[in-house]
Amino acid sequence: MSGVVLTPGDTELSGAAPAPEGGSRRELLLGGMMLAAAGTALWATPRRYQALLGKSKLNDLVPRTFDGWSMEAVSGLVLPPPDQMSDQIYKELVTRTYSRPGQPSVMLLIAYGGSQGGVLQVHRPEVCYPAGGYRLTRIEPHVTPLAPGIEVPSRFIRAESDVRTEQIVYWTRLGSHFPRTWREQRVAVLEENLVGIVPDGVLVRLSTLAPGPVEGALDGFAASLYRAVGARMRSVLVGER
């Protein structure tokens, strides 16, 4: 969208003098279009910052034990390169590994940004796994059911390296949207901005080293986690409902 954005140093278009006598209709039309564009730009300027996490800490809101799952001492998670991590572009980050008798261990990463500036992009498996030497051999759209009536658009990825194969289910929430790709994420930011909101965002990544089909197991872990957390963390995971 293009247009004229007024700043304190700009001439106030609303007070512009009328066109000189004999001015063309084309000039009047262009002037009207500029006024409309300026009004649209001002209307579309974000006015409310969304921060569903508030002053809470992810580390406090994500339980260490729930539904038979227990946190292990070592995470073993794939993370973005150190140069990206050192930028501290995220507000909150939790990385844990959980185990449960009779179930494959699940690695959990939750990255939260109070106002989106790139945190979701950096932590997307499509970005950080190849940076860690993995080949992405399978990428598919997925849906993760968390509770009756709550199904989150997500993605399934298979990442392979010379030493291990990791299977991943992840989703991103940006404002009220669940973009699966970087392009969808940019569109989601624009749509939120157009209604006056600077959105927060979260990326939730579940992964396992277990062989064979694992989507159901990872979805089950996500549903158990959703049941175990409180109202604030649920809003972080799936937005305001």
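The values are calculated or read from the model by the stated rules, or taken from the named source; none is laboratory data. Because the structure is a prediction, the values reported are computed rather than measured. Heads up, the Cβs are rebuilt from the backbone with ideal geometry, glycines too, and the neighbour counts pull from every protein chain shown.
Applying the criterion of being more than 17 Å from Pro153 (Cα to Cα) and small (Gly, Ala, Ser) to the residues of segment 195-229, the residue that is surrounded by the fewest Cβ atoms within 10 Å (Cβ to Cβ) is Gly212.
Applying the criterion of being modelled with pLDDT of 85 or more and part of a helix (DSSP H, G or I) to the residues of segment 104-128, the residue that is surrounded by the most Cβ atoms within 10 Å (Cβ to Cβ) is Pro125.
For segment 219-241, the set of residues classified as more than 17 Å from Val94 (Cβ to Cβ), outside any loop (DSSP other than H, G, I, E, B) and not small (Gly, Ala, Ser) consists of Asp219, Arg227, listed by residue number. Quickly run through segment 230-241 and pick out the residues that are crowded, with 16+ Cβ neighbours inside 10 Å and basic (Lys, Arg). Correct list: Arg234 only. Every test in (1) assigned to a helix (DSSP H, G or I); (2) touching a strand residue (DSSP E or B) at 6+ places or on another chain (Cβ under 8 Å) is passed by Val202 save one, and that test is (1).
Among Ser224, Ser207, which is the only one that is among the polar types (S, T, N, Q) and either within 12 Å of the chain's Cα centre (by Cα) or closer than 21 Å to Gly133 by Cβ (or both)?
Answer to the selection: Ser207.
Restricting segment 185-194 to residues that are charged (D, E, K, R) and surrounded by fewer than 18 Cβ atoms within 10 Å (Cβ to Cβ), the residue that is farthest from the chain's Cα centre (by Cα) is Glu191. Criterion first (within 25 Å of Cys128 (Cα to Cα), over 14 Å from the mean Cα position of the chain (by Cα) and assigned by TED's automatic domain parsing to the domain that holds Val62) does Leu218 satisfy it? Taking the combined requirement at face value, the residue satisfies it. Screening Pro63 on (1) modelled with pLDDT under 95; (2) surrounded by 13 or more Cβ atoms within 10 Å (Cβ to Cβ); (3) in a loop (DSSP other than H, G, I, E, B); (4) not hydroxyl-bearing (Ser, Thr, Tyr) shows it passes everything except condition (1). In the set (1) surrounded by 21 or more Cβ atoms within 10 Å (Cβ to Cβ); (2) modelled with pLDDT of 95 or more; (3) more than 10 Å from the chain's Cα centre (by Cα), the condition left unmet by Trp171 is number (3).
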